[in-house]
1. Mind jotting down the distance between the C-alpha centroids of region 89-114 and region 38-73, whole Å?
2. How would you rank 21, 111, 130, going from fewest to most other Cβ atoms within 10 Å of each one's own Cβ?
3. Based on DSSP H runs of at least 4 residues, each adding -39500 (n - 2.57), what is the mean residue ellipticity at 222 nm of the chain after dividing by all its residues, to the nearest 500 deg cm²/dmol?
4. Given the options 55, 153, 12, state which has the largest fluctuation in a GNM of the chain using a 10 Å cut-off (strictly under) for Cα springs.
5. How large is the convex hull of the Cα atoms of region 127-173 per residue, expressed in Å³ as a whole number?
6. Please rank 73, 151, 6, 30, fewest neighbouring Cβ atoms within 10 Å first, as an exposure proxy.
7. Could you work out the Kirkwood radius for region 11-172, taking every pair of different alpha carbons, averaging 1/r and inverting it, reported in Å?
8. Considering just Cα atoms, how many Å³ per residue does the convex hull of region 46-125 enclose?
Ligand code: K1U
Ligand code: ZN
C-alpha cells in the first residue's frame, strides 16, 4: 500500500525514532509499504518517520540502470565513516522540489538488522553512502536543510509552509 509522505515542517520529522525490538509480519508489511511508496514517489530512499511511523526503519535502492536492489535496514548504525568527504546535491521527498549541496563522508560502514532480525554489515560508497546517511539522519529527526545556513533553511521552510497551505486548500475544494 502506498502511504502518504509527510511534508516539512511536521513535528514527526524532527523527533528521534524508537529502536525496533520485534521482527514481526507487521514489520515486513511496513517495509513492503515503504518500498512501494518510495518507488511510486519516485525516490531512492525513504525513512519510516516520513510516513509518520516512528520506528528505526529505512529503505533504499540507488540503482539507476540495471536490476533493482531494494534494501531494508532496521536499526541501522554507522560504525565507521571515511575522512574523505563528498558533496552531493540532495533532495528529499518531504521537501519536494528543493535541492541543496550537502557535504558528507564519502564512505560509511553500516550495521543493521534485516527483517528476520539477523545482523548485516556493508560498506557503502557513492550515492549509496549519501543516501544511507540522509535516511539515518531522518531516523534521528534531522533533515538535509539542517546542514544549510539559517537564511536558506528558513526560505525553504517558508516555501514548504506555502505548499502545505495550497495542498490543504485544494483538498477542501
Ligand atoms: O529520504 C528521502 O526523502 C528520499 C530522497 C533520498 C535522497 C536523495 C538524494 C540524496 C540523498 C538522499 C530522494 O529519493 S529524493 C528523489 C531523488 O533523489 C530521485 C528521484 C528519482 C530518481 C532519482 C532520484
Ligand atoms: Zn529525505
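1. After rounding, the separation between the Cα centres reads 12 Å.
2. On the way: 21 9, 111 15, 130 25.
Final ranking by Cβ density, sparse to dense: 21, 111, 130.
3. Numbers: 3 runs with 53 residues, N = 173.
Computed mean residue ellipticity for the chain: -10500 deg cm²/dmol.
4. Among 55, 153, 12, the largest mean-square fluctuation in the Gaussian network model of the chain belongs to 153.
5. 103 Å³
6. Working: 73 25, 151 8, 6 17, 30 22.
The fewest-first ordering by Cβ neighbours comes to 151, 6, 30, 73.
7. Details: mean 1/r = 0.0605 Å⁻¹.
That comes to 16.5 Å for region 11-172.
8. Values: hull volume 9.6 nm³, N = 80.
So the per-residue Cα hull volume is 120 Å³.
Each value in this text was obtained by applying a stated rule to the coordinates, not by laboratory testing. Note that the structure is a prediction, hence the values are computed from the model and not measured. Every residue, glycine among them, receives a Cβ derived from its backbone with ideal geometry; neighbour counts consider all protein chains shown.
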